[in-house]
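The values are calculated or read from the model by the stated rules, or taken from the named source; none is laboratory data. Nothing here was measured: the structure is a model prediction, and the numbers come from that model. Note that each Cβ is placed from the backbone with ideal geometry, even for glycine, and that neighbours are counted across all protein chains shown. Surface accessibility is based on the protein's heavy atoms, side chains included, excluding ligands, DNA and RNA. Shrake-Rupley method; radii C 1.70, N 1.55, O 1.52, S 1.80 Å.
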Amino acid sequence: MTFEQLKTFLTVARMGGVRKAAEQMNVSQPAVSTRISSLETYLGTELFSRVSTGVVLTRKGVLLRNHAEQIMEIMERIKGDVMAEDSVSSLLRLGVAETVAQTWLPDFLRALHRSFPRLKIEVSVDISVNLRELLLDRSLDLTILMGPISDYSVDNLDLPPFELSWYRPIDLADPDLSTTPVITYNRNSRPHRELTQQLRDRYGSTAQIFPTNSLSTGFEMVASGIGVGILPHVLGHRLVEEKRITTFDPGWQATPLNFTATYIGEPRNELISRAARVAQKVALEFGDVDRSAQGRAGQSGSLLMADIGREQ
């Protein structure tokens, strides 16, 4: 009986079939079947029964699963306590929302590479609803998304929120939100849902929302005069400094976007857990730097107004 056989057994049990387990482990179906067959031969008992939807554990299979999970947990503890980080050689399938991809993702990837120089990283950028499904389907190992995800097998680490600001074209001094298109996140997101409700409650059925999957496209739509936007403050300040767009206050603000570093915590994987903690550390550092920059910008603005007042 080998460690690889037990790991394969647990994956088949969790995924409910040989094909899905093979895809999850990135090995061939015959390889998975051979490992399970060899394990059953060694133990002298059947571990799975075939059903129309795949396979289910037999009574002996359930007993083995309990023991195998304890063995895997001990192995992960050994890796966490003993293994040097620079010796970790594996693949991390990372999924991130675009807001993160355009802000602190590069810092996170650099920090991961410093901690795990032999780690291979595969990055996917997608909307949070898709990242959630890919994680629960075990197609991703770690996701940075609008969370948290409520599932018994999932762990969520809270990350600093992203503030949203209102932006308008330079030449649109007084936007009428009952008729001016509002550009924001894609229609399958929480910001879109919240904005839709707010606009309808405040301005009635004539309010228009133009959703987009691309934040950079959203900002360009505002700059080109198509409408106003409610978008991440951290991404809008550069265009404001370039005087392509400007902020405005319609009298109310949207709730900040809450993000989490989310991963499958059961069964535990020490590498993924460490990577999530690195993401949390980088996000906190980025948030501190961004708040400091906002503070300096606000102070500069105050000093500028004071100078103008003295000149007058």
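Exactly one of these conditions fails for R187: (1) in a loop (DSSP other than H, G, I, E, B); (2) among the basic types (K, R); (3) crowded, with 18+ Cβ neighbours inside 10 Å. Give me its number.
It fails just one condition, (3).
So which residues in the range 112-130 are in a helix (DSSP H, G or I), within 18 Å of T260 (Cβ to Cβ) and in contact (Cβ under 8 Å) with a residue 60 or more places away in the chain, if there are any at all?
Within the range 112-130, L112, S128, V129 meet the criteria.
I'd like the full set of residues that are surrounded by 22 or more Cβ atoms within 10 Å (Cβ to Cβ) and part of a strand (DSSP E or B), limited to the range 138-154.
If the condition is that a residue be surrounded by 22 or more Cβ atoms within 10 Å (Cβ to Cβ) and part of a strand (DSSP E or B), then L142, T143, I144, L145, M146 are the ones that fit.
May I ask you to verify whether L63 is out of contact with any helix residue (DSSP H, G or I) (no Cβ under 6 Å at 6 or more places or on another chain) and under 22 Å from G265 (Cα atoms)? Reasoning before the result, please.
Numbers: out of contact with any helix residue (DSSP H, G or I) (no Cβ under 6 Å at 6 or more places or on another chain): yes; under 22 Å from G265 (Cα atoms): yes.
Considered against the rule, which asks whether it is out of contact with any helix residue (DSSP H, G or I) (no Cβ under 6 Å at 6 or more places or on another chain) and under 22 Å from G265 (Cα atoms), L63 comes out as yes.
Pairs only if they're at least six apart or on different chains, beta carbon under 8 angstrom, first in the range 33-57 and within 14 Å of T11 (Cα to Cα) and assigned to a helix (DSSP H, G or I), second open to solvent by less than 60 Å² (accessible area, probe 1.4 Å) and among the β-branched types (V, I, T); list them, first residue then second.
Correct list of pairs: S33/V18; R35/T8; I36/T8; I36/V12; I36/V18; L39/T8.
Go through (1) in contact with a Ser or Thr (Cβ under 8 Å, 6 or more places away or on another chain); (2) at pLDDT 90 or above and name the single condition S37 misses.
It is condition (1) that S37 fails.
Can you name the number of the only condition in (1) in a strand (DSSP E or B); (2) touching a residue at least 60 places away in the same chain (Cβ under 8 Å) that F210 fails?
(2)
Select from the range 198-207 the residues that are surrounded by fewer than 18 Cβ atoms within 10 Å (Cβ to Cβ) and in contact (Cβ under 8 Å) with a residue 24 or more places away in the chain and list them in ascending order.
Correct list: R202, Y203, G204, T206.
Could you please find all residues in the range 11-23 being under 20 Å from M75 (Cβ atoms) and surrounded by fewer than 18 Cβ atoms within 10 Å (Cβ to Cβ)? Even if it seems obvious, please write down each step before you answer.
If we filter the range 11-23 for residues that are under 20 Å from M75 (Cβ atoms), which is where we start, we get 11-15, 21.
Residue satisfying the conditions is R14 alone.
Scanning for something within 27 Å of T11 (Cα to Cα), open to solvent by less than 60 Å² (accessible area, probe 1.4 Å) and either among the aromatic types (F, W, Y) or more than 17 Å from the chain's Cα centre (by Cα) (or both), does the range 90-99 turn up at least one residue?
Among the residues of the range 90-99, at least one is within 27 Å of T11 (Cα to Cα), open to solvent by less than 60 Å² (accessible area, probe 1.4 Å) and either among the aromatic types (F, W, Y) or more than 17 Å from the chain's Cα centre (by Cα) (or both), which makes the answer yes.
Which of (1) in contact (Cβ under 8 Å) with a residue 40 or more places away in the chain; (2) assigned to a helix (DSSP H, G or I); (3) among the β-branched types (V, I, T) does T103 not meet, given it meets every other one?
(2)
Need the failing condition index for L195 against (1) in contact (Cβ under 8 Å) with a residue 12 or more places away in the chain; (2) over 22 Å from the mean Cα position of the chain (by Cα); (3) under 20 Å from D249 (Cβ atoms), just the number.
All conditions are met except number (2).
Just to verify a result, which residue in the range 243-292, among those that are farther than 28 Å from R77 by Cα, assigned to a loop (DSSP other than H, G, I, E, B) and small (G, A, S), is nearest to the chain's Cα centre (by Cα)?
The qualifying residue nearest to the chain's Cα centre (by Cα) is A254.
Considering only residues that are in a strand (DSSP E or B) and over 15 Å from A279 (Cβ atoms), which ones fall in the range 155-176?
Hits for the range 155-176 are L164, S165, W166, Y167, R168, P169.
Looking only at residues that are over 10 Å from the mean Cα position of the chain (by Cα) and of a type in the set (G, A, S) in the range 100-123, which one is most open to solvent (accessible area, probe 1.4 Å)?
Ranking the candidates gives S115 first.
Taking the residues in the range 50-89 that are β-branched (V, I, T) and open to solvent by less than 80 Å² (accessible area, probe 1.4 Å) as candidates, determine which candidate is modelled with the lowest pLDDT. Can you show your working first?
Pass one, the range 50-89, residues β-branched (V, I, T): 51, 53, 55-56, 58, 62, 71, 74, 78, 82, 88.
With open to solvent by less than 80 Å² (accessible area, probe 1.4 Å) added as a condition, the list becomes 51, 55-56, 58, 62, 71, 88.
Working: V51: 87, V55: 89, V56: 91, T58: 94, V62: 93, I71: 87, V88: 54.
The residue in question is V88.
For the range 165-177, how many residues are within 14 Å of V240 (Cβ to Cβ) and open to solvent by less than 70 Å² (accessible area, probe 1.4 Å)?
Total meeting the criteria: 5.
Where residues in the range 226-252 are under 16 Å from S178 (Cα atoms) and not hydrophobic (A, V, I, L, M, F, W, C), which of them is surrounded by the most Cβ atoms within 10 Å (Cβ to Cβ)?
Among those residues, the one meeting the criterion is G229.
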